Amino acid sequence: MTDSKYKSPVYSIIAVPFEKIVPNTYNPNHVAPPEMKLLYDSIKEDGYTMPIVCYYSKKEDIYVIVDGFHRWRVMKEYPDIYDREQGMLPVAVINKPLSKRMASTIRHNRARGSHNVDLMSNIVKELHELGRSDAWISKHIGMDKDEILRLKQITGLAGLFKDVKFGQAWKPVEDPEKKELVIQYRDLRESEIERGLFRDFIRRQVVEKCLRRENGRWETREDPFIDDWSEEDYKVLVSCLKNTAATGGFVHAAFCGGRLKGFVSVESELFGGENRYLDLSSIHVSEDMRGMGIGRTLFNAAKEWAKEKGAKKLYISSHSAVETQAFYKAMGCVEAKEYNQKHVEAEPYDRQLECSVFLMNL
């Protein structure tokens, strides 16, 4: 029996300011640059023909994206679309708890035939942590039992298998593809630092919490967003890295199968008096290769180079995301004894750190 009073959200579209719409922290769908350009061309020619699906958080007065992240990205990355639409996006609101919103996102993605397996496995993990059973996941996301087990396997967390009885034909194993990956490291020449070098690099970082300095102390605060680079950001990055290489700095990279998957840069000019700092100006690992020790290797290479150049410490103006801070802490970084005001003024929310170049992190 159908509910004659039910009204689909699409019949109640509202116009919402772009600044009040934020990405969720779990979307497993990626769109390659050519498809993003095609989406931009479509919106430029036809306008927004589909709304962004959001959950409204009354407490924070924000709209959290359930589906339509890339339509939102178009307005974020293309000023002409923002101006034409007067900074407003069409939104259909659904009112569901987190687990059901995650299921909704997956259903939208799977219906289009696009989703990222690694991030799908993380969603299965999060749903289990929210108390959802395999049966619930199967019903609400449309996965069969074997698919759920495979996604659990990818997480590498044995706790997800405690209620599973395995026969001899199937058991959790390490991902053989990642075990066989060969990572090569080398310095980058100025001449090869071009936009095309980054065609297979995925900057995307899902951020849920950040550190904020309040009353002289660093406190953890909710600040959900997705950090990514626009074409303008890549243009600035290429210019900065080329300058670092041209002025005698250090630009070192990690490659897998000939594709750039990580890089670090250190500037050549010493500063800071007795502290003898060298500026670690960037360190990034592609989203699809994180958790494999690439960041640690790049960071240690930067320390070795800085030591050879006569530095005592690396100086890092670091992103304040909790995950980023955890990485730097593991590398032995602490609060900087003296601040580089240029960095403080350019990125007031960054945390200013330092790290001795004489201790290697194995």
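The values are calculated or read from the model by the stated rules, or taken from the named source; none is laboratory data. Predicted model only: the values in this text are computed from it and were never measured. All Cβ positions, even for glycine, are placed from backbone atoms using ideal geometry, and neighbour counts span all protein chains on display.
The one condition from (1) farther than 28 Å from residue 36 by Cα; (2) touching a strand residue (DSSP E or B) at 6+ places or on another chain (Cβ under 7 Å); (3) in contact (Cβ under 8 Å) with a residue 40 or more places away in the chain; (4) of a type outside the set (Val, Ile, Thr) that residue 256 does not meet is (1).
Counting the residues of region 281-298 that are closer than 20 Å to residue 238 by Cα and in contact (Cβ under 8 Å) with a residue 40 or more places away in the chain gives 6. Being modelled with pLDDT of 65 or more, out of contact with any helix residue (DSSP H, G or I) (no Cβ under 8 Å at 6 or more places or on another chain) and either under 25 Å from residue 13 (Cα atoms) or not β-branched (Val, Ile, Thr) (or both) is true for just one of 76, 125, 44, 58. Which residue is that? So the residue among 76, 125, 44, 58 that is modelled with pLDDT of 65 or more, out of contact with any helix residue (DSSP H, G or I) (no Cβ under 8 Å at 6 or more places or on another chain) and either under 25 Å from residue 13 (Cα atoms) or not β-branched (Val, Ile, Thr) (or both) is 58.
Only residues that are modelled with pLDDT under 90 and among the charged types (D, E, K, R): list them for region 62-72, please. If the condition is that a residue be modelled with pLDDT under 90 and among the charged types (D, E, K, R), then 67 is the only one that fits. Is at least one residue of region 91-106 at pLDDT below 85, part of a loop (DSSP other than H, G, I, E, B) and more than 30 Å from residue 134 (Cβ to Cβ)? No - not one qualifying residue is present in region 91-106. For region 297-314, the tally of residues that are within 26 Å of residue 345 (Cβ to Cβ) and more than 23 Å from the chain's Cα centre (by Cα) stands at 6. Check whether at least one residue in region 79-90 is crowded, with 19+ Cβ neighbours inside 10 Å, outside the structural domain of residue 223 (by TED's automatic domain parsing), within 26 Å of residue 203 (Cα to Cα) and at pLDDT below 90, and report yes or no. No: zero hits. Filtered by the rule that a residue be part of a strand (DSSP E or B) and either assigned by TED's automatic domain parsing to the domain that holds residue 22 or in contact with a helix residue (DSSP H, G or I) (Cβ under 9 Å, 6 or more places away or on another chain) (or both), region 187-224 gives 187, 205, 206, 207, 208, 209, 210, 211, 218, 220.
In region 227-247, of all residues being in contact (Cβ under 8 Å) with a residue 40 or more places away in the chain and buried (at least 19 other Cβ atoms within 10 Å of the Cβ), the one that is nearest to the chain's Cα centre (by Cα) corresponds to 237.
Within the option set 344, 251, 357, 266, being surrounded by 20 or more Cβ atoms within 10 Å (Cβ to Cβ), β-branched (Val, Ile, Thr) and more than 27 Å from residue 199 (Cα to Cα) holds for one residue only, 357. Out of 255, 250, which single residue is under 22 Å from the mean Cα position of the chain (by Cα), over 30 Å from residue 57 (Cβ atoms) and aromatic (Phe, Trp, Tyr)? Answer to the selection: 255.
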